[in-house]
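*Asks:* Sharing a structure, written as structure tokens. Questions coming.
The values are calculated or read from the model by the stated rules, or taken from the named source; none is laboratory data. All values reported here derive from a predicted model rather than from experimental measurement. Because the Cβ atoms are built from the backbone with ideal geometry, glycine has one as well, and the counts that use them run over all protein chains shown.
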Amino acid sequence: MASTLCAPCHHHHRSYYTSRQRRRRSRGCPSPSTAAASGPAYSTTGRPSGLNTTRDLYFHPTFIIRGSRVSYSSMDVAQSKQGPDHLLVLVHGIMASPSDWTYGQAVLKRRLGDGFFIYASSSNIYTKTFDGIDVAGRRLANEVLDVIWKTAGLSKISFLAHSLGGLFARYAISILYSMETKDTGQSCTAITTGGSGKSECNSGLGAIAGLEPINFITLATPHLGVRGKNQLPFLQGLSFLEKLAAPLAPLVVGRTGAQLFLTDGEPSKPPLLLQMASDHQDKNFISALAAFKNRILYANVSYDHMVGWRTSSIRREKDLTKPSLRSLNGYKHIVNMEYCSPVSSDGPHFPSQAARAKEAAQSRPNKENTEEYHQMMEEEMIHGLQRVGWKKVDVNFHTALWPYSAHNNIHVKNEWLHNAGASVIAHVAESIKQQESRKYFPANL
């Protein structure tokens with residue numbers, strides 16, 4: 001199946017805020033957990049265009065840590081030798097744990113080689129995922145800072161997240177984002193095209209936790225929430241069940257449920273997922289995404305009982321086509337790959353009409369007002385998220401022995417029950433390897 005690489009992009013010139021949080025031990029800085037808790041300090045800078053740094057590549061067997069936070073003793077071993085320079089953070093989904101990545105870690109270690117330090121996050125296990133996307137995102141940010149603080153030689157960072165973990169990771173990178181790299185202390189500068197009032201995006205756009213951001217990859221993540229027809233597929237698209245689900249969700253899965261159904265917060269304020277589609281207040285949600293060289297969405301086209309195709313691939317209903325049944329490039333169950341260019345936009349909005357619709361959806365939910373509210377929010381979220389380029393990979397488990405386990409198949413939660421997704425993990429590994437020498441996906445900011 002043919003696919004087209006997005007054309008070079010241009011984006012609007014505007015000022016950014018930078019985080020100058022530093023964690024270099026040689027300067028006697030406080031620990032990262034303390035720094036993250038107190039929040040970053042910001043100063044105004046010009047628009048970024050690239051990371052002008054030179055990195056040394058270290059060669060050492062990949063370290064894998066799962067199930068618990070890294071101990072100082074294990075970090076001492078890593079620091080006593082030249083270690084890998086690329087941190088790959090694996091993030092699990094709702095009601096899960098680092099053990100969900102047991103198979104994925106082993107495959108990634110074997111395929112990616114010596115330059116990667118693979119770490120499975122453990123700060124949001126099981127019911128901690130109910131505390132809210134914002135709370136879990138802050139925990140993840142602190143955990144990442146902790147790992148970086150204890151590990152010498154890291155210069156690059158990537159994220160691979162499943163399901164709800166993708167939203168945790170998006171929130172975390174907004175906290176970890178800065179315009180300055182850890183090792184050089186250099187700020188990125190603007191390259192403005194003459195007379196156009198726009199900046200050309202031809203390389204990096206900042207740093208994540210002081211490291212060069214490379215890959216941001218999600219598997220079956222509800223980027224647009226779970227409100228709307230077939231966004232939560234196990235409700236079978238039945239309007240009366242979808243109507244009941246929204247008010248019941250906070251009772252079952254806490255603050256996270258309200259955020260996924262876009263009913264969190266005061267009626268006059270945008271829901272969290274809409275905030276996360278732009279740079280909102282002190283959180284650089286979109287700037288952080290734009291900083292990554294590579295952004296990939298893996299989405300189940302069907303059989304996923306938890307997350308719909310539309311929300312996991314950031315598409316409108318009219319953009320969905322009949323899914324292919326043929327595998328692509330020899331990867332079983334990978335049926336389509338699409339490169340989506342960024343679309344220039346002034347970002348998402350939350351007008352008074354949306355506030356009234358939200359208030360009605362919260363206090364007087366019915367089919368009409370909830371659909372109106374969701375349609376407005378979905379369109380605004382897409383406007384914000386399409387300002388960065390995405391590679392979209394569609395997955396179809398129609399020939400799998402257990403196709404209705406698609407949500408767990410896609411990251412091989414259990415090697416024996418969900419091994420239909422082995423080709424997806426192999427495809428992820430190959431995408432990460434190829435990105436080491438490829439150009440940045442553009443962004444329109």
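*Asks:* Taking into account only those residues within the stretch 309-331 that are part of a helix (DSSP H, G or I) and touching a strand residue (DSSP E or B) at 6+ places or on another chain (Cβ under 6 Å), which is nearest to residue 398 (Cα to Cα)?
*Replies:* 309
*Asks:* So which residues in the stretch 350-378 are of a type outside the set (A, V, I, L, M), in contact with a Pro (Cβ under 7 Å, 6 or more places away or on another chain) and under 12 Å from residue 270 (Cβ atoms)?
*Replies:* Selection gives 350, 358.
*Asks:* Let me ask another. Would you be able to tell me the number of residues in the stretch 355-371 that are modelled with pLDDT under 75 and more than 17 Å from residue 225 (Cβ to Cβ)?
*Replies:* So the answer is 3.
*Asks:* To continue, here is another question. Could you tell me which numbered condition residue 278 fails, if it satisfies all but one of (1) out of contact with any Phe, Trp or Tyr (no Cβ under 7 Å at 6 or more places or on another chain); (2) of a type in the set (Ser, Thr, Tyr); (3) crowded, with 24+ Cβ neighbours inside 10 Å?
*Replies:* The number of the failed condition is (1).
A quick yes/no check of all residues on (1) in contact with a strand residue (DSSP E or B) (Cβ under 7 Å, 6 or more places away or on another chain); (2) more than 27 Å from residue 216 (Cα to Cα); (3) surrounded by fewer than 22 Cβ atoms within 10 Å (Cβ to Cβ):
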{"position": "362", "(1), (2), (3)": "no, yes, yes"}
{"position": "365", "(1), (2), (3)": "no, yes, yes"}
{"position": "369", "(1), (2), (3)": "no, yes, yes"}
{"position": "372", "(1), (2), (3)": "no, yes, yes"}
{"position": "395", "(1), (2), (3)": "yes, no, no"}
{"position": "405", "(1), (2), (3)": "no, no, yes"}
{"position": "412", "(1), (2), (3)": "no, no, no"}
{"position": "417", "(1), (2), (3)": "no, no, yes"}
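*Asks:* Looking for whichever is part of a strand (DSSP E or B), among the aliphatic types (A, V, I, L, M) and under 19 Å from the mean Cα position of the chain (by Cα) here; the options are 337, 306. Which one fits?
*Replies:* That would be 337, the only listed residue that is part of a strand (DSSP E or B), among the aliphatic types (A, V, I, L, M) and under 19 Å from the mean Cα position of the chain (by Cα).
*Asks:* Give me the residue from the stretch 80-123 that is among the acidic types (Asp, Glu) and assigned to a loop (DSSP other than H, G, I, E, B) and, out of that set, farthest from residue 215 (Cα to Cα).
*Replies:* Filtering first and then ranking leaves 114.
*Asks:* Checking residue 334 against (1) out of contact with any Cys (no Cβ under 9 Å at 6 or more places or on another chain); (2) over 23 Å from residue 395 (Cβ atoms): exactly one of these is not met. Which one?
*Replies:* The single condition residue 334 does not satisfy is (2).
*Asks:* How many residues does the stretch 137-177 contain that are within 20 Å of residue 298 (Cβ to Cβ), touching a Ser or Thr at 6+ places or on another chain (Cβ under 7 Å) and either not aliphatic (A, V, I, L, M) or not in a helix (DSSP H, G or I) (or both)?
*Replies:* To start, the set of residues in the stretch 137-177 that are within 20 Å of residue 298 (Cβ to Cβ) comprises 140, 157-173.
The next check asks that each one be touching a Ser or Thr at 6+ places or on another chain (Cβ under 7 Å); those that pass are 140, 161, 163-164, 166-167.
Filter again for either not aliphatic (A, V, I, L, M) or not in a helix (DSSP H, G or I) (or both), leaving 161, 163, 166.
The number of residues fulfilling the criteria is 3.
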